[in-house]
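First comes the structure, then the notes that go with it.
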Amino acid sequence: MNHKLKLLFILFFSLWISDMIMFHSLNYTYSKMLAGQSGGKINYFLKKTNITNIIIMGNSRAYNQIIPDSLGNDCYNLAHAGMKQTFQTGLLSILESNKKIPNTILLHVEPSEFLIGKEDKSIQKLKYYYGTDSIVTKYINEISFYERFKFIFSSYRFNGQFLNIVKSLVKPDSSDETVKHKGWRFISSTSRDSINVFYSIKTYQKQLLYPFDDKLLEHLFQFIKICKKRNTNLICFTSPQFITSKEEIEIANNFQKILEKYNIKYFNYLDHPIPELIEKPMFWKDAMHLNQKGASIESSDIRNKLILLHLLNP
């Protein structure tokens, strides 16, 4: 019996030592990353010292489409492709802890992502902050009962990011996107854009009209709560689409009513599209994403709206 206990002790001790070595090695490398969407972009923003008065948050329809320079020199695009509301609220909590919340936040939202039947596990992209940020920890634990046990191993925080971290050692990411373009990554226009647009229309699926999920909305309400606590101007917006179903417009309009209860301004481009972009595939990469030319038009329109709200100088 003593022999078996001794073997178990050696096994667990070996696992613990291996985990600590792996964690500290990856953590050191991760902390040096200052570019890319695997944590480097967030690291850069938390470390930058110059003032940022406006930040853009959201998914790829903010990341690729809202040009920071269009909104002034003190604007930064902190959007991450593919990320939903739990990620955005978790990231805002991290910014609050680091005293990095600006005067104004432009938050891109997809109303259809808050419907019953949808799920949001995007908070997992912020695993690095598990145990150090209360909201990140809470949201990850809510995914399943077993999530918390995975963090017994400290190196689990880097699960799914190992290759990106190793790559940053061998070939560091270009900092142009993070620094020169202030977090924005443009989609160059190509001769195939029109073809891509019409092909994506063929595969376009209409959203079914379901009620909103109170649990998913709660993540947005927490985001709003933090902004109000910090006296931050929060503007929500939904980027235009080349084709929009009646169901999506109805969902967006109902979503707007929810935001109005919290006195949140909403730029609803689904119901009020930008005329210059309607039925002009030259401005689109596909039916959901604008190319660089289209991004300039949307960014200018948002700038004009912010000027009317007295959040930007003409």
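The values are calculated or read from the model by the stated rules, or taken from the named source; none is laboratory data. Keep in mind that this is a model prediction, so the values were computed, not measured. Glycine gets a Cβ as well: all are built from the backbone with ideal geometry, and neighbour counts include every protein chain shown. Protein only, heavy atoms only, side chains kept; ligands, DNA and RNA dropped before computing areas. Shrake-Rupley method; radii C 1.70, N 1.55, O 1.52, S 1.80 Å.
Going by what's in this entry, would Leu26 be described as surrounded by 14 or more Cβ atoms within 10 Å (Cβ to Cβ) and part of a helix (DSSP H, G or I)?
Working: surrounded by 14 or more Cβ atoms within 10 Å (Cβ to Cβ): yes; part of a helix (DSSP H, G or I): yes.
So Leu26 passes the test.
A quick yes/no check of all residues on (1) farther than 27 Å from Gly72 by Cα; (2) in a helix (DSSP H, G or I); (3) in contact (Cβ under 8 Å) with a residue 12 or more places away in the chain:
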residue: Ile258; (1), (2), (3): yes, yes, yes
residue: His272; (1), (2), (3): no, no, no
residue: Met288; (1), (2), (3): no, no, yes
residue: Gly294; (1), (2), (3): no, yes, yes
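Note on the stretch 258-314: among residues that are more than 21 Å from Asn53 (Cβ to Cβ) and β-branched (Val, Ile, Thr), the one that is least open to solvent (accessible area, probe 1.4 Å) is Ile274.
Can you work out which of the residues in the stretch 71-97 that are free of Cβ contacts under 8 Å to residues at least 60 places away in the same chain and more than 18 Å from Ile123 (Cα to Cα) is least open to solvent (accessible area, probe 1.4 Å)? Full working, then the answer.
Taking the stretch 71-97 as the starting set, the residues that turn out to be free of Cβ contacts under 8 Å to residues at least 60 places away in the same chain are 73-74, 80-84, 87, 90-91, 94-95, 97.
Adding the requirement that they be more than 18 Å from Ile123 (Cα to Cα) leaves 73-74.
Working: Asn73: 139, Asp74: 49 Å².
Of everything passing the filter in the stretch 71-97, Asp74 is least open to solvent (accessible area, probe 1.4 Å).
If you scan the stretch 30-59, which residues turn out to be open to solvent by 20 Å² or more (accessible area, probe 1.4 Å) and outside any loop (DSSP other than H, G, I, E, B)? Result: Ser31, Lys32, Tyr44, Leu46, Lys47. Leu106 - would you say it is in contact with a strand residue (DSSP E or B) (Cβ under 7 Å, 6 or more places away or on another chain), surrounded by fewer than 20 Cβ atoms within 10 Å (Cβ to Cβ) and closer than 25 Å to Asn253 by Cβ? For Leu106, the condition - in contact with a strand residue (DSSP E or B) (Cβ under 7 Å, 6 or more places away or on another chain), surrounded by fewer than 20 Cβ atoms within 10 Å (Cβ to Cβ) and closer than 25 Å to Asn253 by Cβ - is not met.
Give me a count of the residues in the stretch 215-237 that are assigned to a helix (DSSP H, G or I) and open to solvent by less than 20 Å² (accessible area, probe 1.4 Å).
8
The number of residues in the stretch 3-45 being at pLDDT 85 or above and of a type in the set (Phe, Trp, Tyr) comes to 4.
Looking at this structure, is Asp133 of a type in the set (Asp, Glu) and touching a residue at least 60 places away in the same chain (Cβ under 8 Å)? First the steps, then the outcome.
On the way: of a type in the set (Asp, Glu): yes; touching a residue at least 60 places away in the same chain (Cβ under 8 Å): no.
Against the criterion (of a type in the set (Asp, Glu) and touching a residue at least 60 places away in the same chain (Cβ under 8 Å)), Asp133 does not qualify.
Checked against the criterion of being modelled with pLDDT of 90 or more, among the hydrophobic types (A, V, I, L, M, F, W, C) and surrounded by 15 or more Cβ atoms within 10 Å (Cβ to Cβ), the stretch 205-214 has at least one qualifying residue. Tallying residues that are part of a helix (DSSP H, G or I) and within 23 Å of Glu177 (Cα to Cα) within the stretch 90-121 yields 5.
Based on what the data block shows, is Pro68 surrounded by fewer than 24 Cβ atoms within 10 Å (Cβ to Cβ), out of contact with any His (no Cβ under 7 Å at 6 or more places or on another chain) and touching a residue at least 12 places away in the same chain (Cβ under 8 Å)? Against the criterion (surrounded by fewer than 24 Cβ atoms within 10 Å (Cβ to Cβ), out of contact with any His (no Cβ under 7 Å at 6 or more places or on another chain) and touching a residue at least 12 places away in the same chain (Cβ under 8 Å)), Pro68 qualifies. Considering the stretch 115-168, the residues that are farther than 22 Å from Leu95 by Cβ, of a type in the set (Phe, Trp, Tyr) and touching a helix residue (DSSP H, G or I) at 6+ places or on another chain (Cβ under 6 Å) include one that is least open to solvent (accessible area, probe 1.4 Å), namely Tyr156.
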